[in-house]
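Just so it is clear, none of the values below were taken in a lab; they were calculated from the coordinates. What you see is a predicted model; the values in this text were computed from it and never measured. FYI the Cβ positions are ideal-geometry reconstructions off the backbone, even for glycines, and counts take in every protein chain you see.
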Amino acid sequence: MLTAVASLALAALATATVAAGAYLLRDLGPLPPRYSGPPLPRETVVSEMTAILAAEGITVEREPSGGIRTCHERLSGQHAPETVQAALKAAFERARSERGWQTGPDLGGDVLTLKKNNWTVTSGFASTPPAGLPAMVIVSMTCIDGDTTTAPTAPSAPAVAPAPAAS
C-alpha cells in the first residue's frame, strides 16, 4: 500500500514538473534588440569622441586596434592634472547634450559611461600623477555584436587552376 501511495505521489510530482517546465519553455517570440538604432561605424564613433574631447581641451590619439574585426577602440592622451576630471565630465555632458549619447550603465566608482546605438564609451579617473607630470586620459569604446560596417575585408585568394592532364 505504501508503495502505491509513493508511486502515485511521484507520478503527480512528475506531471507537475512537466507542466511547469512546458510553461517556462513556451515560445515568447523573438528577443528584443540589444541596442536601439542602426549600428554606428567605428570611424564615426572615434571621430565624434575625439571632437567632443577636443572641445573640452583634451587632445587624444587613437591607439591601434587589436586586429581585423575587433570591436574595441581606445583613445589616449594627457591633460593638466588640476582640470582633467572637470574636463572629462564636461566632455561626457557635451556628448549627451549635443551628440545624442545617453548615460551608460553604472560601473561604480569614478567611471564615466556613455552609450549610443551599438557602442559604449567608458573613461575613468586615474590616480593623481606625481607633481609636474600630466594626467593620463584613456577613453575605451566597445561595440555590441561586432562592427562590420567598416572592418577591412581580407583579400580574396587567387583562383587555383587545375593542372593540365598528362597525356
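Distance between the modelled labels on Glu93 and Ala131, one decimal in nanometres: 3.1 nm (7 Å Cα→Cβ projection).
Sorting Asp145, Asp27 from the fewest to the most surrounding beta carbons within 10 angstrom yields Asp27, Asp145.
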